[in-house]
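S.K.: My structure is below; once you've seen it, I'll send some questions.
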Amino acid sequence: MTEAKKLFVKTYGCQMNVYDSERMAEALGAQGYEQVDTPEAADMILLNTCHIREKAAEKLYSDLGRLKPLHEEKPDLKIGVAGCVAQAEGEEIMRRMPIVDLVVGPQTYHRLPKMMEALDRGERALDTDFPEEDKFAHLPKDRRAKRGPTAFLTVQEGCDKFCSFCVVPYTRGAEVSRPAERLLREARELVERGVREITLLGQNVNGYHGLGADGAEWGLARLVRALAEVEGLERIRYTTSHPNDMEDDLIAAHGDCDKLMPYLHLPVQSGSDRILKAMNRKHTAESYIRLIERIRAARPDLVLSGDFIVGFPGETEADFQATLDLVAEVGYGSAYSFKYSARPGTPAAERAPVDPAEADDRLQRLQAVLTEQQRATQAGMVGRRVRVLFEKQGREPGQIGGKSEYLHAVHVDGPDRLIGEIAAVEIVEARPNSLLGRLVS
Ligand code: 5AD
Ligand code: SF4
């Protein structure tokens, strides 16, 4: 037997990339690659990149720079770049970085095996097409490998919203939804492999409109309800959503579908209508707040999460205040906030930027408020009973850890046999990044 070739994958950015990396590793696994934890141990290094904010692309180039000495030591080392930077700057990467052998955009991962053959012939390979076929349906996979209790499942890719700051519509392309039947089959396979919780992924996941078994077009709510029928699947989540696609049946599902977890990531980006308009978000602060009220009416204990951008071109102090007002009114259990970064090729990149020092200051002020809301939400859990899906051993001996229905990390003293199971827990203490609980029988 020949020794397995070694693959090291580094993932930047969103959960979609985490999922894609898993699928690519699986596909390369079918070609005899096994995954290792360090670049030094690898015969092939794959960097799965993100282009959503500036630093990620810069980071790619500096990471590639850092790989140069390793490449000199091991001239046979193969280096590949995947993901959205590959899509946006494929040619440029090939030109600037001769150590890169392979560039593959997010829509052509199923062509990796073919591309690897080119590498074996000593060629370089680049593919950043937007082909028609479903890349996941064509990726080789290992259906028997055991899984942890949680998994991602990509149901939709791409985005047609064209928010004026965002590269996703350009790097991931137009919205494409995967057929519901295929997703149900994959969900059943995941459950057979030990999965209890599935997070449905998509850049605009609630815009899902896949072909159903009955020939009709299914929205996300219909898909969620069908998944809820899968025996052994206990929990369903989805991310990331756009406010304008929160349709009535999806809101209703939050109230009456027990398996749909009470946590929702629903980015608003700004609280100023003037800025929302410039962002091409097609909703107002008011319509977003009314929407949250309706979702909370369906599921009062819902924990809400969001994304914010500060320092968007033209944002004044008054606009920023409107964002702070919205945050105060809505109340977030967790949130991500970013300083605007101009992405080449997007409409907003043409406009005059806000003073960077001012943007930094706003980001700090917003983050202070959001951190405090997060702390208060966690503190509010103390004394409450939650249900935890245990995923792994905790840091301290005898401890196990998992997630509550609200996506809070929870640790308890408990036996390893509970890993992969859901158990009732009373929260006794809120720590900065997790909750401490005790098992209740
Ligand atoms: N600058 C800053 N943040 C951005 N995001 C997307 N594009 C940009 C950009 N150009 C943020 C948005 C989005 C999240 C995934 O990243 O808040 O919801
Ligand atoms: Fe980007 Fe999300 Fe807007 Fe689509 S909805 S353009 S992915 S920010």
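The values are calculated or read from the model by the stated rules, or taken from the named source; none is laboratory data. These numbers were taken from a predicted model, which means no experiment stands behind them. Here the Cβ positions follow ideal geometry from the backbone for every residue, glycine too, while neighbour counts run over all protein chains shown. Accessible surface areas use protein heavy atoms only, side chains included; no ligands, DNA or RNA. Shrake-Rupley method; radii C 1.70, N 1.55, O 1.52, S 1.80 Å.
S.K.: With every protein chain kept in place and ligands, DNA and RNA left out, what is the accessible area per residue of the range 26-71? Probe 1.4 Å, answer in Å².
M.R.: 46
S.K.: Nearest-5 percent of antiparallel DSSP beta bridges in the chain?
M.R.: 35
S.K.: Near residue 161, which lysines are there with a Cα under 20 Å away, not counting those fewer than 8 places off in the same chain?
M.R.: Filter leaves 277, 282.
S.K.: Can you give the net charge of the other residues whose Cβ lies under 14 Å from the Cβ of residue 36, counting K and R as +1 and D and E as -1?
M.R.: Combined, the nearby Lys, Arg, Asp and Glu give 0.
S.K.: Can you give the local net charge around residue 250? Use residues other than it whose beta-carbon is closer than 12 angstrom to its beta-carbon, Lys and Arg +1, Asp and Glu -1.
M.R.: Result for the neighbourhood of residue 250: -1.
S.K.: How big is the Rg/Rh ratio for the chain, C-alpha atoms only, Rh by Kirkwood, two decimals?
M.R.: Taking Rg over the Kirkwood Rh, I get 0.96.
S.K.: Can you give me the C-alpha center-to-center distance between the range 68-87 and the range 361-378, rounded to a whole angstrom?
M.R.: One Cα centre to the other: 39 Å.
S.K.: Something else about it: Return the carbon/sulfur percentage of the accessible area of the chain, one whole number, probe 1.4 Å, all protein chains in place.
M.R.: Values: 9820 of 19810 Å².
The nonpolar share, carbon plus sulfur, comes to 50 percent.
S.K.: Taking DSSP loops as anything outside H, G, I, E and B, show the longest stretch in the chain free of GluC sites (Glu not before Pro) there with at most 11 other beta carbons within 10 Å.
M.R.: Longest gap between qualifying sites, sites excluded: 232-441.
S.K.: What percent does the relative contact order of the chain come to when contacts are Cα pairs within less than 8 Å and at least six residues apart?
M.R.: It comes to 10 percent, rounded to a whole number.
S.K.: Residues with beta-carbon under 12 Å from that of residue 59, excluding residue 59: net charge, scoring Lys, Arg +1 and Asp, Glu -1?
M.R.: Spelling it out: positives minus negatives among the neighbours equals +1.
S.K.: Right, something else. Residue 160 versus residue 280, label points 7 Å from Cα toward the beta carbon: distance in nm?
M.R.: 1.4
S.K.: Please identify the cysteines of the chain that lack any partner cysteine with a Cβ under 4.7 Å from their own Cβ.
M.R.: Unpaired cysteines in the chain: 14, 50, 84, 159, 257.
S.K.: With a 1.4 Å probe and all protein chains left in place, how much accessible area per residue does the range 304-441 have, in Å²? Write out the running numbers ahead of the final one.
M.R.: Working: 6740 Å² over 138 residues.
For the range 304-441, the solvent-accessible area averages 49 Å² per residue.
S.K.: Determine the alpha carbon to alpha carbon distance for each of 68/135; 6/74; 10/78 and list only those over 21 Å.
M.R.: Pairs exceeding 21 Å: 68/135.
S.K.: Simple spin-label model, 7 Å along Cα-to-Cβ: residue 355 to residue 174 in nm?
M.R.: Inter-label distance under the simple model: 4.5 nm.
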